[in-house]
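The values are calculated or read from the model by the stated rules, or taken from the named source; none is laboratory data. Note that the structure is predicted; figures quoted are calculated from it, not measured. Here the Cβ is made from the backbone with ideal geometry for all residues, glycine too, and neighbour counts use every protein chain on show.
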Amino acid sequence: MLVKSLIYNEVEKIRLALLIEYNGKNLVGWQKQNNGKSVQGEIERVAKILFKIDCPVQGAGRTDAGVNALGQVAHIDIPKLNRFSSKSNIYIMTAFNSLLIRTEIRIISIQNVSFEFNARFSAIKRTYKYKFLLRSAFPLKLNENFWHIRQKLNINNMKKASKFLIGKHDFTSFRSRSCQALTPVKTIDKIDFDMESKKNILTFTIEAKSFLHNQVRIIVGSLIKVGLDIWHPNEIEKILKLKSRDEAGETAPAHGLFLTKIEYPKNLLEPNWPMNLTI
C-alpha cells in the first residue's frame, strides 16, 4: 500500500473537473460502499484502467442511493503525461464513457482546473430539484423518476409554508438521525415551485450552499403534508422551532430528487462547461 502511494505521489499530475449525470435507481449513491455500485467507485475503477494508477475522485455532494444527478461535479487528479495529453479533453470524456457504457453514469463535460479547486469545498451554491407527477393514472417506466401523487395538491399553501424555511435556521427537524454534520444550522437561499400543467409535473427547486443529510427529502415530505391539507402552512414554522426529527414529515422517495447544478467562484471554474458535439 505504501509503495502504491509513493508511486502515485511521484507522478506529476493535473487536476480535472468532471460534470457528471447519473440515474441513481441501481446505485448505492455517490460514495463508495461494499454493498453495490456507486458513482465514485465506478469512475475510480475506469480511471485506473485508463491511467494505470489509482486516481481518487472527490465529489461535490454525497447523494444517497436512488438519487439522480444532472449536474454533479467532481475533481480527479490524473497523470500529466498520458495517452490523451496531446488531445482535447473530449477524448478523455469519450474514453470514460465507453467504459461506463453498462452503467447509468455519464461524464458530460471536462475542464482543466488548478489544484486550488476542490469540488466539495470550493462550491458556493448547490441546487436540487424534486419532481412530482400529479395524476390519477400510474406512471410508465419512462416517468419513474417522479414521486407519483394521485391527490390534488394545494400548491399555494406549499409556497406559503416554504417561506418559513428560507434563511438561516437550525434544521434539526429536517435532517436524518444519522446525519454527521457538526452543526444543524444551514441557510436556504431560495425555494421555488413550477407547475407544468400540460404534463402534470410539479417541480420543487431549492438552493443553498450546502445541505444536511436527507434535508431536502425531509423538507419535501413535510411540504407534501401541507399540500394535501393535512397540515396548515404554519405547522412548518412550529416544526422548525421544535428541533425534533419526530415532528417533521416522512423522508420523500429518493427517485424524485435530482442534483441539478453546483456553482463555484469563476476564478476556479468556468460556469459555461464546454459541450462538444463531435471529435
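Restricting attention to the stretch 96-125, which residues are assigned to a helix (DSSP H, G or I), of a type in the set (A, V, I, L, M, F, W, C) and surrounded by fewer than 17 Cβ atoms within 10 Å (Cβ to Cβ)?
Once the filter is applied, which keeps residues that are assigned to a helix (DSSP H, G or I), of a type in the set (A, V, I, L, M, F, W, C) and surrounded by fewer than 17 Cβ atoms within 10 Å (Cβ to Cβ), the stretch 96-125 yields only 99.
Please determine, by comparing only the residues of the stretch 237-278 that are among the aromatic types (Phe, Trp, Tyr) and part of a loop (DSSP other than H, G, I, E, B), which one is modelled with the lowest pLDDT.
Top of the filtered list is 273.
For the condition in contact with a helix residue (DSSP H, G or I) (Cβ under 6 Å, 6 or more places away or on another chain) and either farther than 29 Å from residue 147 by Cα or β-branched (Val, Ile, Thr) (or both), what is the one hit in 28, 67, 73? Let's see the steps before the verdict.
Values: 28 fails: in contact with a helix residue (DSSP H, G or I) (Cβ under 6 Å, 6 or more places away or on another chain); 73 fails: in contact with a helix residue (DSSP H, G or I) (Cβ under 6 Å, 6 or more places away or on another chain).
Within the list 28, 67, 73, the selection yields 67.
For residues that are surrounded by 19 or more Cβ atoms within 10 Å (Cβ to Cβ) and of a type in the set (Gly, Ala, Ser), scanning just the stretch 42-65, find the one that is farthest from residue 122 (Cα to Cα).
47
Given the options 95, 47, 123, 60, name the one that is among the aliphatic types (A, V, I, L, M) and more than 30 Å from residue 181 (Cβ to Cβ).
None of the others qualify; the one that does is 95.
Looking at the stretch 150-166, can you tell me whether even one residue there is assigned to a strand (DSSP E or B) and within 24 Å of residue 246 (Cβ to Cβ)? Walk me through how you get there before you give the answer.
We begin by selecting, within the stretch 150-166, every residue assigned to a strand (DSSP E or B); these are none.
For the stretch 150-166, residues assigned to a strand (DSSP E or B) and within 24 Å of residue 246 (Cβ to Cβ): absent.
Looking only at the stretch 75-90, count every residue that is surrounded by 15 or more Cβ atoms within 10 Å (Cβ to Cβ) and within 20 Å of residue 12 (Cα to Cα) and tell me the total.
8
Condition check ((1) of a type in the set (Phe, Trp, Tyr); (2) at pLDDT 95 or above) across all residues:
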residue: 48; (1), (2): no, yes
residue: 79; (1), (2): no, yes
residue: 93; (1), (2): no, yes
residue: 99; (1), (2): no, yes
residue: 110; (1), (2): no, yes
residue: 116; (1), (2): no, yes
residue: 130; (1), (2): yes, yes
residue: 136; (1), (2): no, no
residue: 140; (1), (2): no, no
